[in-house]
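Undergrad: Handing you this structure, nothing more for now.
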């Protein structure tokens, strides 16, 4: 499986010979470079310029934006009602669990609170957690770290944090890394994983946003 990040909450998840999934494509009005992606499935956590700009994906894709169970090309996708009742006004938010046989990826969208233990237990095993960490309308660093400890995924990929050019203020990823106690940052362009090579301890991976011309050192990592 390969996971690529394009900034904010937008990822492309793919596996050779299987369908590809794009999560939360954004419009360039949020301050990041325009997207030009292809996918078989697009998941949308909620309708906004930063999470539901379908025109960024240039293909005949199936769009998932509601809770429910879906099977598409032998890939199972579960839409999870994780609506943000703690915000004012309450905000719709759908998380998506994407299962490629023995590997699972959970995208939390703009989740703004730590769910109850029963909700977390119902998730089952999570191999890769895509978690917002920069605050704003979503989890702050300490909340994200608390949720990571409860879910215990193999890989943690932070998203929804400050990037150069972003049109609104979010906290930097370094704050989350500090709370997590990460002393040596693991940076990658693409995370490539297999079911036979999962780490014994949860590992935080900071993905470099693809399509962005970042000057050396701009991320601060």
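The values are calculated or read from the model by the stated rules, or taken from the named source; none is laboratory data. Just so you know, these numbers come straight off a predicted model, no measurement behind them. FYI the Cβ positions are ideal-geometry reconstructions off the backbone, even for glycines, and counts take in every protein chain you see.
Undergrad: Is there any pair linking a residue in the range 174-188 that is in contact (Cβ under 8 Å) with a residue 24 or more places away in the chain to one that is surrounded by fewer than 17 Cβ atoms within 10 Å (Cβ to Cβ) and not in a loop (DSSP other than H, G, I, E, B), with Cβ under 6 Å and at least six apart or on different chains, and which?
TA: Qualifying pairs under 6 Å: 179/142.
Undergrad: Hey, can you tell me all the residues within the range 168-179 that are touching a strand residue (DSSP E or B) at 6+ places or on another chain (Cβ under 7 Å) and closer than 8 Å to residue 141 by Cβ?
TA: 176
Residues checked against (1) assigned to a strand (DSSP E or B); (2) at pLDDT below 95; (3) crowded, with 16+ Cβ neighbours inside 10 Å:
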{"site": "39", "(1), (2), (3)": "no, no, yes"}
{"site": "63", "(1), (2), (3)": "yes, no, no"}
{"site": "70", "(1), (2), (3)": "yes, no, yes"}
{"site": "80", "(1), (2), (3)": "yes, no, yes"}
{"site": "87", "(1), (2), (3)": "no, yes, no"}
{"site": "98", "(1), (2), (3)": "yes, no, yes"}
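Undergrad: Next up: Quick check: is even one residue across the range 10-30 in a strand (DSSP E or B), at pLDDT 95 or above and farther than 23 Å from residue 123 by Cα?
TA: Looking through the range 10-30, none of the residues is in a strand (DSSP E or B), at pLDDT 95 or above and farther than 23 Å from residue 123 by Cα.
Undergrad: Residues in the range 133-157 that are closer than 12 Å to residue 171 by Cβ and touching a strand residue (DSSP E or B) at 6+ places or on another chain (Cβ under 6 Å): how many?
TA: As a first pass, look at the range 133-157 and keep what is closer than 12 Å to residue 171 by Cβ: 133-136, 138-144.
Still in the list and also touching a strand residue (DSSP E or B) at 6+ places or on another chain (Cβ under 6 Å): 133, 138-139, 144.
Number of matching residues: 4.
Undergrad: To continue, here is another question. Modelled with pLDDT of 95 or more, in contact with a strand residue (DSSP E or B) (Cβ under 7 Å, 6 or more places away or on another chain) and surrounded by 13 or more Cβ atoms within 10 Å (Cβ to Cβ), is that true of residue 206?
TA: Yes: the conditions hold for residue 206.
Undergrad: Sticking with this one: Given the conditions (1) over 20 Å from residue 205 (Cβ atoms); (2) in contact (Cβ under 8 Å) with a residue 12 or more places away in the chain; (3) assigned to a loop (DSSP other than H, G, I, E, B), and given that residue 7 satisfies all but one, which numbered condition is not satisfied?
TA: The one condition residue 7 does not meet is (1).
Per-residue answers, yes or no, for (1) farther than 27 Å from residue 189 by Cα; (2) touching a residue at least 40 places away in the same chain (Cβ under 8 Å); (3) touching a strand residue (DSSP E or B) at 6+ places or on another chain (Cβ under 7 Å):
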position	(1), (2), (3)
14	no, no, yes
22	no, no, yes
34	no, no, no
44	no, yes, yes
60	no, no, no
68	yes, no, yes
94	no, yes, yes
106	no, yes, yes
121	yes, no, no
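Undergrad: Being assigned to a loop (DSSP other than H, G, I, E, B) and more than 17 Å from residue 158 (Cβ to Cβ) is the filter here, so list the residues in the range 100-112 that pass it.
TA: 101, 102
Undergrad: Please give the number of the condition residue 55 fails out of (1) within 23 Å of residue 210 (Cα to Cα); (2) assigned to a loop (DSSP other than H, G, I, E, B).
TA: (2)
Undergrad: Let me ask another. Tell me yes or no: at least one residue of the range 32-45 is closer than 24 Å to residue 136 by Cβ and more than 17 Å from the chain's Cα centre (by Cα).
TA: Yes: the range 32-45 contains one or more residues that are closer than 24 Å to residue 136 by Cβ and more than 17 Å from the chain's Cα centre (by Cα).
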